[in-house]
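Notes follow the structure.
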Amino acid sequence: MEIQDTRFLVVDDFSTMRRILRNLLKELGFVNVQEAADGVVALEKLKAEPFDFVISDWNMPNMNGIELLQAIRADVMLRHLPVLMVTAEAKRENVIMAAEAGANGFVVKPFTAATLDEKLMRIFKNLHD
Amino acid sequence: MTINSGNPNSEELEALFDSVVAANQEAEAQVRRESTVATPVAPDYLPASKGEDVDQSPLSGNHAENKEQIRSISPPVAPAKYSSDMIDQIGHMTRKLHEALRELGLNKEIEKVAASIPDARDRLNYVATLTQQSAERVLNATEAAQPLVENMEVEAHRLSRQWQMMFDKKLDVEQFKKLASQTHTFLQDVPKQTKATHAYLMEIMMAQDFQDMTGQVIKKITEITENMEQQLLALLLENAPDKMKSMPSSELLSGPSITSDGNKDMASNQQRVDDLLESLGF
């Protein structure tokens, strides 16, 4: 599979942020992007159809990003999925918790297109090594 | 969104609030009858706010100044006696409130609420800063992109007119050669200009990232405000006349807890977060 064919799921409760992420991904050459407004919706989508990459916010209603991450890691079918946390929750304990829960990367809001690009590329590189 | 939306107890609380206020006003009226003249809490001679007030944002802090202006326009009809009575009364009430607070141990609760006010203020400042930065980024990018688009438009029109002249057989060979060369240059230049314009459009898009941040901050401020309301209501209830005390008060004190994040433990920039992750072996 070509890297540009990666199927992304963008999870954020703010539609503005989902659109920004979608546009940034498009800018980086990724056009296969779907959206979910919280962890519950995201998990349903992940179980319903195949995805290759999850980008998730932390602070969301119903099921937050860390719970989503834990659910993904606990699911045999999904546990291999790379998860990039994109969040304003930038406290030490948040970063540690995300790392321990198995996040593949952590981007602090507000971020630049270059930062997102760099984190994505690093994750892709680690996956293929 | 109002503070009370989604709170099933809000109507009940409001009714309770009103009845407590009414009871207190009755008690105050008693005090007033004992003094020689009734003291209006809000001076009647102040005209209802007109044009001057309308444009004032509540955050501007000029409200008092406006009232001052209005007061200076209208003749001061209130005799000096009114204000000294009022000050006496306010002083008396403050003393009573202070003692009641101490006796009831409520000062600790109020202290907590008061401590959350600077936090809310900081958060609001943060919202103001983010939205301003965003507006400036958008305006800058727009102003930078406009001339690029305009120049392309002007040049395209000019070349188009020349080509029309060519089709009308009004150009000689030399003029045609020149037109062909200019058109080629223009076509080479357009992708550069559209690329630059595209970058400005991306900049405008990225400038919208404040919405998600401010949304979260405003949600937290709503919580703080709600807690303040709960605490003040509890205070009011504790100081209500005896007949009001039979009303349930325990639930009033269990307002939403505020997790005051503070800033000291923030790993707020990407570099620090990356360093931290690296130190953890990720």
* Among the candidates A:T87, A:T16, A:T6, residue that is under 11 Å from the mean Cα position of the chain (by Cα) and among the hydroxyl-bearing types (S, T, Y) -> A:T87
* Inspect the range A:107-118 for any residue being modelled with pLDDT of 90 or more and more than 11 Å from chain B (Cβ to nearest Cβ) and give the result as yes or no. => yes
* To do: Could you grab me the full set of residues in the range B:156-199 that are within 30 Å of A:N23 (Cβ to Cβ) and of a type in the set (G, A, S)?
  => B:A156, B:A196, B:A199
* To do: Check A:K26 against each of (1) more than 14 Å from the chain's Cα centre (by Cα); (2) within 18 Å of A:N126 (Cα to Cα) and name the one condition it does not meet.
  => (2)
* Residues in the range A:83-106 that are of a type in the set (A, V, I, L, M) and more than 7 Å from chain B (Cβ to nearest Cβ): how many? -> 8
* Please determine, by comparing only the residues of the range A:74-129 that are among the polar types (S, T, N, Q) and in contact with a helix residue (DSSP H, G or I) (Cβ under 9 Å, 6 or more places away or on another chain), which one is farthest from B:L201 (Cα to Cα). => A:N94
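So that you can scan it fast, the table gives a plain yes or no per residue for (1) of a type in the set (S, T, N, Q); (2) away from chain A (no Cβ under 14 Å); (3) assigned to a helix (DSSP H, G or I):
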site	(1), (2), (3)
B:S181	yes, yes, yes
B:T185	yes, yes, yes
B:K195	no, no, yes
B:M202	no, no, yes
B:M205	no, no, yes
B:Q208	yes, no, yes
B:I218	no, no, yes
B:T222	yes, yes, yes
B:E226	no, yes, yes
* Among the residues of the range A:13-42, write down those that are more than 20 Å from A:L116 (Cα to Cα) and crowded, with 20+ Cβ neighbours inside 10 Å. => A:D38, A:G39, A:A42
* Structure fact -> Turns out the helices (runs of 4 or more DSSP H) fully within the range A:21-129 with at least 1 residues that are closer than 24 Å to B:K219 by Cβ are A:39-48, A:65-74, A:92-101
* Name every residue in the range A:63-108 that is closer than 19 Å to A:A36 by Cα and touching a residue at least 40 places away in the same chain (Cβ under 8 Å), in order of residue number. => A:G65, A:L68, A:P82, A:V86
* Asked: Say we look at the range A:14-42 and pick out the residues that are within 14 Å of chain B (Cβ to nearest Cβ) and polar (S, T, N, Q); which of these is farthest from B:M213 (Cα to Cα)?
  -> A:N23
* **So A:V54, is it buried (at least 16 other Cβ atoms within 10 Å of the Cβ), within 13 Å of chain B (Cβ to nearest Cβ) and not acidic (D, E)** => no
* To do: Out of the residues in the range A:59-82 that are within 14 Å of chain B (Cβ to nearest Cβ) and within 11 Å of the chain's Cα centre (by Cα), state the one that is nearest to A:S15 (Cα to Cα).
  => A:G65
* Answer yes or no: is there a residue in the range B:232-254 that is assigned to a helix (DSSP H, G or I), within 23 Å of the chain's Cα centre (by Cα) and either more than 14 Å from every other protein chain (Cβ to nearest Cβ) or at pLDDT below 75 (or both). => yes
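The values are calculated or read from the model by the stated rules, or taken from the named source; none is laboratory data. In this text the structure is predicted, and so the values were computed from the model without any measurement. For neighbour counting, all protein chains shown are included, and Cβ atoms are generated from backbone atoms with ideal geometry for every residue, glycine included.
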